[in-house]
Amino acid sequence: MKKLFFTPGPSQLYPTVEKHIKKALEENIASISHRGEKFHGIYKNTQDALRKLLKIPKNYRIFFLSSGTEAMERIIQNTVVESSLHFVNGEFSRRLWQTAVSLGKIAAKIETAPGGGFNFEETEVASNIETICFTHNETSTGVAIPLEYICEIKKKNRDKLVVLDTVSSAPFADVNYKYIDLCFFSVQKGFGLPAGLGVLVVSPAALKTSEILTRKNYQVGTYHSFEEVARYDQKYETPETPNVLAIYLLGKVTEDLLKVGIGKVRREIKKKADLLYDFCKNHSGFQPFVKDKSYRSDTVVVIETGTDPLKIIDKLKKKGLVVGSGYKDFKNKHLRIANFPAHSVSDIKRLIREIKKI
Ligand SMILES: *Cc1c(COP(=O)(O)O)cnc(C)c1O
């Protein structure tokens, strides 16, 4: 049976992916050289499409890495000598903080309870901090930080680099790159693609910082140091043999999203999120985990259930609907429902109908 995946990554494939994979095989995409002209065209096409869809400024670089988690390590290595600051409200923001700790940095954190927001107005960033890290959409708990709050932090700290993890909010997140230096995502969530590719957007200031660190002989990584990736990027290549098929597919799906129009893609996600939260409003056994409405995620809806969520998940699976369980400690408490461009309004309506029957 063909199932519908509402899991927050990997998730439902974007409807056109099957067609693009077939075409890719016909065109020998998986066998061509990653140093040849055909690949250069694919690489450039994917970058151009992403730049257009996500409104990435011309002077920002777009790097292809292997995953979101890799992007975390590369960012810390290439932009932090001593101190970073992390806003932690769940497991993915903690992972970025932990990455900095593991790399021997002094990683400060401002932590709130899972599902909570931050008190940005009272936040002072110490002068020794070099890089400030935010997870836009905390996939583990369904909290999304309103992006304007993050822009305000940058306005008050122009000399510092701001990092934004948009792994589970891209391409929904309307990122204003004027205030963001490093933004990353991987493709198995909102882009509805098979896993195995990470994308990192790098500002001129961040690239410059990396160059300074390299010259001072700090350990910024080897084949994926920013300098090395940037050097190959100028030739429309990556240092290693990359996931050519994934780069190709990302370009194709991004073109498809451009055809729909990013405004429409984002409006539909909002509409589907409203359907899910409205359902909760009318059913006391299903409550949004995030209490502050302004912090509720539109792309990963996390619901606290009265009855055992694993039983609900099991029943839905029998109907061909695969919903995510709670993350780690919340496994027996939450449902996590991905709301990505691959999910249509009628898919979400069908899911709600089936949950009501339980
Ligand atoms: C999934 C996820 C990651 C990890 O991405 P990978 O591609 O699995 O390494 C990081 N941050 C957030 C917010 C995520 O949802």
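Stretching A230 away from E152 to a fully extended chain increases their span by 25.2 nm, per 0.36 nm per residue minus the current alpha-carbon distance. Find the centroid of the Cα atoms in the stretch 204-252 and in the stretch 40-118, then give the distance between the two in whole Å. The two parts, judged by their Cα centres, are 14 Å apart. For the chain, a simple Cβ point-charge model (Lys and Arg +1, Asp and Glu -1, everything else neutral) yields a dipole of about 1320 debye relative to the Cα centre.
Report summary: the helix-based calculation at 222 nm, which adds -39500 (n - 2.57) for every DSSP H run with n ≥ 4 and divides by the residues of the chain, gives -12500 deg cm²/dmol.
Measuring nothing but how far apart in sequence close Cα pairs (under 8 Å, 6+ apart) lie, relative to its length, the stretch 133-184 scores a relative contact order of 41 percent.
Ordered by the count of other Cβ atoms within 10 Å of each Cβ, fewest first, V125, V345 give V345, V125. Think of the stretch 301-358 as a dipole: +1 on every Lys or Arg Cβ, -1 on every Asp or Glu Cβ, centred on the Cα centre; then among V302, A338, I355, I355 lies furthest on the positive end. Extending 7 Å from Cα along the Cβ direction at K315 and again at V101 yields two label points whose distance is 4.0 nm. Only beta bridges with both residues in the chain are counted; by DSSP, about 55 percent of them are antiparallel.
As a quick test, which of the pairs K272/K315; K105/K270; K23/K349 have an alpha carbon distance above 28 angstrom in this structure? Those over the limit are K105/K270; K23/K349.
Take every DSSP beta bridge whose two residues both sit in the stretch 107-258; close to 45 percent of them are antiparallel. Fewest neighbouring Cβ atoms within 10 Å first, the residues D181, D308, D347 line up as D308, D347, D181. Among the trypsin sites (Lys or Arg not before Pro) in the stretch 158-234, those located in a DSSP loop and surrounded by at most 13 other Cβ atoms within 10 Å of their own Cβ are R158, K216. Of all aspartates and glutamates in the structure, the ones whose alpha carbon falls short of 19 Å from that of K291, not counting any fewer than 8 places away in one chain, are E91, E111, E138, D274, D278, E304, D329.
Calculated FRET efficiency, S127 to K55, Cβ-Cβ distance, R0 = 35 Å: about 0.65 to the nearest 0.05. For K2 and N217, a Förster radius of 56 Å and the Cβ-Cβ distance give a FRET efficiency of 0.55, rounded to the nearest 0.05. The lysines within cross-link reach of K52, meaning a Cα-to-Cα straight distance under 18 Å and a gap of 8 or more places when in the same chain, are K44, K178, K252, K259, K264.
No value in this document is a laboratory result; all are computed from the given coordinates. All values derive from a computational prediction rather than experimental measurement. Every residue, glycine as well, gets a Cβ built from its backbone with ideal geometry; the counts of neighbours run over all protein chains shown.
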